[in-house]
Every structure is written in structure tokens, then in C-alpha cells.
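Just so it is clear, none of the values below were taken in a lab; they were calculated from the coordinates. Treat the numbers as computed from the prediction; the structure is a model and nothing was measured. Neighbour counts are summed over all protein chains in view; Cβ atoms, including those assigned to glycine, are modelled from backbone coordinates with ideal geometry.
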Amino acid sequence: MMTATGTTALPGVAAEAALAVPGVAALQPRLARRLAAAAAPTRADTTPPEAGVRADRAPDGSGWHIEVRCVLTEGRRALDIARIVHDRVTAALVTHLATHGAAEPVTVAVTVTGIAAWRDAA
């Protein structure tokens, strides 16, 4: 049986895998999370990367549905980067779940929410 630690770590595992893909600038939290961060007395830039990942059990309890919301860097095809993110996040989650004794199906949806302009520091 899967431990609570294993399931609560899914967004972090997915965020780490997505952010490791060249061309991913950041992960964007959902609107509700952004509004809550804006209303909080702390700085908005302290939002953890896993806030850009949503992990839900499948309605029939047969596995997991993961949504990753990415902001990409310009200069690359968004479709190519989204496919790589999908594949790497899926692989990371399957490995994580298996390590915690829960070989369950995982579906991953990648949403590109924006393209960050590349700023040359020179």
C-alpha cells in the first residue's frame, strides 16, 4: 500500500522532472493558488514550484491524473517541449510510485500557459 509520504510527494516529483527539461522556464500555479498568494502577507515569489502541478486520484480510484502548467522559454517549439515534459514527468512518477509500492496508472496533461521572453544579459 502507498504511504501518505509517497502520495503527497507526487507534485514535487512532477515539478522537479518538468523543471529539468531544457526550455521550461517555470511552472505556473492555478488561478486559485495565485489569488491566495496575492492576498497573503508573504511575497508572491515564494510560491513553490509544485504549486504548478495538480495531482488528483482518477474518479474510479484506479490511478492518478497529473496536470503540469508550464511557462516555456522562447526559441523552441512548444509542442516539442510539452511532449518531453509529458514523457519525463510520466517516467518520474511511475518510478516514484513503484518505489513506494504503488504501481498505478498515471496520466499526465501538460498545459503551456505562456512563453517567457529571453533576455540577453550582455
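In the range 50-117, the DSSP beta bridges split such that about 35 percent are antiparallel, to the nearest 5. At full extension, V71 and H100 could sit 7.4 nm farther apart than now, given 0.36 nm per residue minus the alpha carbon distance. Model label points for A109 and D80, set 7 angstrom from Cα along the Cα-to-Cβ axis, are 2.6 nm apart. Per-residue packing, averaged as other Cβ atoms within 10 Å, sorts the ranges 77-90, 49-62, 10-23 into the order 10-23, 77-90, 49-62, beginning with the highest.
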